Amino acid sequence: MKLFDVYPINDITIERAKDSYVWDENGVQYLDMYGGHAVISIGHSNQHWVKRIEEQLNKIAFYSNSVQIPIQKELAKKLSKLSGKEDYQLFLVNSGAEANENALKLASFHTGRKKIIAFKKAFHGRTSLAVAATDNPSIIAPVNETENVVFLPFNDEAALKEYFQTNGTEVAAVIIEAVQGVGGITLASPGFLQLLRKLCDENGVILIADEVQCGYGRSGKFFAFDHAGINADIYTMAKGMGNGFPIGGILIASHIKPKYGMLGTTFGGNHLACAAGLAVLEVMEEEDLVEKSKQRGQYLINKLRKIDGIENVRGLGLMIGFDVPLGLKDLRKNLLLHHNVFTGEAKPNVIRLLPALTITRKQMDEFLDALQEAINELRSEQNIPVDEVSA
Ligand code: PMP
């Protein structure tokens, strides 16, 4: 049986990982500036996390959600403390798409409405409603096509006001990433999010913050929405929540009251996933990782802005992107193959950095050196004078 290739893959086999490094089968070391696909929050194979999962595995890994599962309550308590979102209910699922699927469904149940506002270049996952709200027609199957989703331009206050003026009371939900990830690291302006909050309030619309990629401390606050000083009605989470163990969740504001039976899942909230999720929060608290993410991100952004050859460095905390000029289009490949550094990409020419929140100054410097060397190599290979590349 052949494997279906989920992504374009390279020939590297990763066998082992620790903190921000991974090693291939020959023991070659790579620096992971991509956090294993924006997932690693507290570092690969974090020992507290390993121990918690191991202990839980030896007790019980799974039993149906029809019994008391105290570790779910422990997780909710810790999440409430670290996020400051005490007055919310937690519903645990298994992935980012599942979190968004349930958030959108719940908004529709709550409002009795069908329309959804999403944004250009948004990515919300690949299940039916989540993919329908994703701005990528090539991944939307005919059965998922719906007239109920409208894609408005990101950060465009005039377009938002205009749409709300004519359609506001038909809208069930607005779903937005405060920092678009797959879309290329684009920051929503605080003013745009505040306007969104106001228009949602005036029209009885549920505001969903997709924090699957930008949340869980990555942006330098627990949720990226927090930078705008507003609350969402529903927060969706996954990726960093389990540090590689599949777990997702949604936080539901107290004014939304899902009826029994509206939401459900077999595996969501299983003992093992909760142990992983709890370990992540314990390490985040112990090591003050939200604050560290802010400081480390600022360091990296400042240094990147001084690098000659890349453009438009932007980001929040350890969610950082920059543009790669055409002359250096092989930069990401060069970084991987010649400097053993994993980075992420976004179309058409963006490099995404989403390292573990535990990344050290030394590792960031190692990356910055590799980046400058890779740029120099590409330039000399192509014989491109310096000012022509950065023009
Ligand atoms: N929302 C956002 C913002 C994402 O970046 C992703 C994954 N790239 C998802 C949702 C979907 O998450 P998952 O792959 O866990 O379903």
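Bear in mind that the values in this text are calculations on the coordinates, not laboratory data. Bear in mind the structure is a predicted one, so any value in this text is a computation, not a measurement. Positions of Cβ are generated from backbone atoms using ideal geometry, with glycine treated the same way; all protein chains shown enter the neighbour counts.
Local charge sum around ASP323 (other residues, Cβ-Cβ under 13 Å, Lys/Arg +1, Asp/Glu -1)?
Working: positive: ARG305, ARG314, LYS329, ARG332, LYS347, ARG352; negative: GLU311, GLU345.
Combined, the nearby Lys, Arg, Asp and Glu give +4.
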(message) Quick check on my link table: of LYS161/LYS306; LYS221/LYS257; LYS105/LYS333, which ones sit more than 30 Å apart, alpha carbon to alpha carbon?
(response) LYS161/LYS306; LYS105/LYS333
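Given a cut-off of 31 Å, name the pairs among LYS121/LYS239; LYS2/LYS120; LYS51/LYS303; LYS121/LYS303 whose C-alpha atoms lie farther apart than that in the structure shown. Write down the numbers at each step before the final one.
Working: LYS121/LYS239 19 Å; LYS2/LYS120 35 Å; LYS51/LYS303 36 Å; LYS121/LYS303 28 Å.
From the list (LYS121/LYS239; LYS2/LYS120; LYS51/LYS303; LYS121/LYS303), the Cα-Cα distance tops 31 Å for LYS2/LYS120; LYS51/LYS303.
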(message) Tell me which GluC sites (Glu not before Pro) from the stretch 249-311 have a DSSP coil assignment and no more than 16 other beta carbons within 10 Å of their own.
(response) GLU287
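Kindly rank 18-31, 91-104, 192-205, 317-330 from highest to lowest mean number of other beta carbons found within 10 Å of each residue. Numbers along the way, then the final one.
On the way: 18-31: 15.1, 91-104: 25.8, 192-205: 17.7, 317-330: 20.7.
In decreasing order of mean packing, 18-31, 91-104, 192-205, 317-330 become 91-104, 317-330, 192-205, 18-31.
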(request) Could you rank the peptides 357-363, 343-349, 183-189 by their average count of other C-beta atoms within 10 Å per residue, with the highest value first? (result) 183-189, 357-363, 343-349
(request) Work from the charge dipole of the chain (Cβ charges, +1 for Lys and Arg, -1 for Asp and Glu, about the Cα centre) and give the residue of ALA158, ASN334, LEU278 farthest towards its positive end. (result) LEU278
(message) Please report the net charge: other residues with Cβ closer than 13 Å to the Cβ of THR236, K and R +1, D and E -1.
(response) -3
